[in-house]
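The values are calculated or read from the model by the stated rules, or taken from the named source; none is laboratory data. Fair warning: this is a prediction, and the values are worked out from it, not measured in the lab. Virtual Cβ from ideal backbone geometry, glycine too; neighbours counted across all protein chains shown.
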Amino acid sequence: MKLERIIRILPYLIIVCFYILNYGFFDFNGLYGQDAHIYLQYSEKILAFLKEGIHPGDYHWPVYYPLLGAVLSLFFGGNVLFTLQLVTVLSFAGATYFLIRLLHLLFPNANSFISLFVSLCWCCSPFMLRLSIVVMSDMMSFCCMLGAIYYIFRYAKETTTTHFLLLTMLGCLAVLTRYQMGILLFIPLCYLVGVIVKKRAYVDIVVGGLLAILLFLPHFYFKGGGAFSFSENPDLQGWSILNFFGNQATNEQVFYKYPNIVYVCSIFVHPGFFFLGGGLIFCWRQQDFSNKEWLLLGASMGVYLLFFAGIKLQNDRILSAAFPLLTIVFFPAFKRCQDYLNTRLMNWDGKFKGVQIGGVCFLFFVLGLLNVYTVNWYLELQRFEKGVCQQLNTYFPTYQHLITFGMEGPIYSYTDYQVHQISEAIVEKVESPTLLLLNDNMLNASFKGSVYDQRIRAIYADFEVDELEQLAKGWVLYEVR
């Protein structure tokens with residue numbers, strides 16, 4: 001097989017190998033942290049709805065990621081956990097495909113170098129690899145967002161109804177998977193409106209509008225009155241330019257290390273995204289800004305980062321949403337560096353190809369070392385969650401109820417307890433004896449004086465609380481009578 005052909009399929013080989021390594025060798029099922037377990041729980045409720053007609057009710061996020069996992073599980077024996085992780089992996093492959101297609105569309109003379117760049121910058125990015133195998137909706141939203149932008153640019157060139165329907169479908173799915181995709185798509189959609197007006201393609205608007213209505217129906221059906229609950233988010237409601245220079249969280253109990261504006265700019269230099277990014281900043285040139293589509297995507301990314309800087313929240317998952325567009329923004333600078341090195345290496349008679357291959361292998365080696373830390377981090381977190389739940393299972397069925405704060409998801413996924421959250425008033429009605437699982441250090445640091453702290457104090461005041469066992473990482477198990 002020729003080297004060029006290997007490079008062309010290299011991004012997908014990385015995706016497949018990384019999934020096999022984690023799922024097959026490390027036995028990583030995609031669950032880590034609270035959010036992943038909540039997605040699993042809601043997807044299983046949707047599966048029950050599909051089989052028995054029991055409405056799953058509302059939950060915090062959009063419904064399409066857990067909905068797709070539930071639908072696919074019908075073809076995999078009802079294994080929702082497997083299909084949710086599969087959706088994530090396939091979305092990573094889809095996002096990679098659209099990223100490559102976008103780069104070919106914007107830089108048609110780059111040829112096979114695009115696949116090598118995407119392999120290095122995107123497919124080996126530690127944060128992107130982590131998001132590629134976890135039960136999270138991020139990668140699905142990236143795939144749909146990149147697909148929508150790709151078909152917006154295709155529509156601008158060819159103006160076919162098929163492309164308009166595809167951009168409508170992918171754009172709606174992007175927003176209905178992660179709400180913040182609407183910010184990243186805002187400028188491309190404004191560009192699309194200009195294209196429609198210029199070409200008077202008003203029939204496409206009608207057809208696309210009908211498709212959008214159909215795609216929004218599941219969102220409104222499942223979420224009901226909570227369809228627009230994201231607008232009530234306290235972080236969003238507290239948006240302010242003054243937050244650019246602040247480093248305090250909304251709950252006023254957490255202080256971040258850097259001001260928000262510095263944090264959002266870290267996406268350019270953080271090794272968790274692309275460790276060469278800091279150097280590429282100095283390789284942009286004036287001619288890059290003559291590419292209208294490239295400039296549009298850079299502006300879209302900039303608007304998103306500024307919007308995020310105005311929120312009292314620093315979160316890698318939210319920041320990661322801008323990285324697909326940053327990858328495109330990095331490309332001309334990376335290509336310029338590669339062309340410069342090729343020119344220099346041409347003087348190395350007979351050694352040009354060897355030095356090239358050696359340099360690329362070195363880059364992959366460095367990225368592999370960075371990813372060792374990333375992989376260890378989420379593997380250790382999953383092992384911790386499973387270990388805690390294994391210890392909790394020794395108390396079942398003597399105790400069948402458990403009250404907790406911060407471990408609700410893993411307990412739901414790995415045990416048969418009736419789980420009650422501190423955030424719910426229902427804990428006042430729990431029959432004794434029951435178990436109470438708390439991490440006092442976490443509560444004292446972030447939630448002192450909050451409603452959670454008040455309810456825990458109420459439990460101590462109204463019940464007899466005895467310590468049963470010290471668990472890992474500061475977690476303590478109590479008996480409540």
Selection status of Y155, in a helix (DSSP H, G or I) and of a type in the set (S, T, Y): yes
For segment 408-451, give me each residue that is part of a loop (DSSP other than H, G, I, E, B) and either at pLDDT 90 or above or out of contact with any Phe, Trp or Tyr (no Cβ under 7 Å at 6 or more places or on another chain) (or both). T415, D416, Y417, E424, V430, E431, F447, K448, G449, S450
Output yes when any residue across segment 270-287 is in contact (Cβ under 8 Å) with a residue 40 or more places away in the chain and of a type in the set (S, T, N, Q), and no when none is. no
In this structure, is L297 under 27 Å from C124 (Cα atoms), part of a helix (DSSP H, G or I), of a type outside the set (S, T, Y) and assigned by TED's automatic domain parsing to the domain that holds D339? yes
L129: surrounded by 22 or more Cβ atoms within 10 Å (Cβ to Cβ), in contact with a helix residue (DSSP H, G or I) (Cβ under 9 Å, 6 or more places away or on another chain) and under 19 Å from G69 (Cβ atoms), yes or no? no
Subset of segment 272-292 (residues that are of a type in the set (S, T, N, Q) and either under 17 Å from D339 (Cα atoms) or in a helix (DSSP H, G or I) (or both)): Q286, Q287, S290
Quick one: in segment 46-91, which of the residues that are under 17 Å from the mean Cα position of the chain (by Cα) and either among the aromatic types (F, W, Y) or not assigned by TED's automatic domain parsing to the domain that holds M169 (or both) is surrounded by the fewest Cβ atoms within 10 Å (Cβ to Cβ)? W61
Would you please name the residue that is farthest from V375 (Cα to Cα), looking only at residues in segment 1-28 that are outside any helix (DSSP H, G or I) and among the charged types (D, E, K, R)? K2
Inside segment 95-105, the number of residues satisfying the requirement of being touching a residue at least 60 places away in the same chain (Cβ under 8 Å) and in contact with a Leu (Cβ under 8 Å, 6 or more places away or on another chain) is 3
If you go through segment 368-426, how many residues are among the acidic types (D, E) and buried (at least 21 other Cβ atoms within 10 Å of the Cβ)? 2
Return only the number of the condition from (1) surrounded by fewer than 18 Cβ atoms within 10 Å (Cβ to Cβ); (2) under 27 Å from K223 (Cα atoms) that L21 does not satisfy. (2)
Return a yes/no flag: does segment 48-61 have any residue that is assigned to a helix (DSSP H, G or I) and touching a Gly at 6+ places or on another chain (Cβ under 9 Å). yes
Single residue of L242, L210, L236 found to be over 25 Å from the mean Cα position of the chain (by Cα) and within 30 Å of Q314 (Cβ to Cβ): L242
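Listed here are the residues, each with its yes/no results for (1) at pLDDT below 90; (2) among the small types (G, A, S).
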{"position": "R8", "(1), (2)": "yes, no"}
{"position": "I15", "(1), (2)": "no, no"}
{"position": "D27", "(1), (2)": "no, no"}
{"position": "Q34", "(1), (2)": "yes, no"}
{"position": "F49", "(1), (2)": "no, no"}
{"position": "G53", "(1), (2)": "yes, yes"}
For segment 235-242, does any single residue satisfy the condition of being modelled with pLDDT of 90 or more and within 27 Å of F330 (Cβ to Cβ)? no
What are the pairs with Cβ atoms under 8 angstrom where one residue, in segment 151-165, is within 17 Å of L103 (Cβ to Cβ) and touching a residue at least 12 places away in the same chain (Cβ under 8 Å) and the other, located anywhere, is among the hydroxyl-bearing types (S, T, Y) and assigned to a helix (DSSP H, G or I)? Sequence gap at least six, or different chains. I152/Y191; A156/Y191
Might you check whether a residue that is at pLDDT below 90 and under 19 Å from the mean Cα position of the chain (by Cα) occurs anywhere in segment 250-263? no
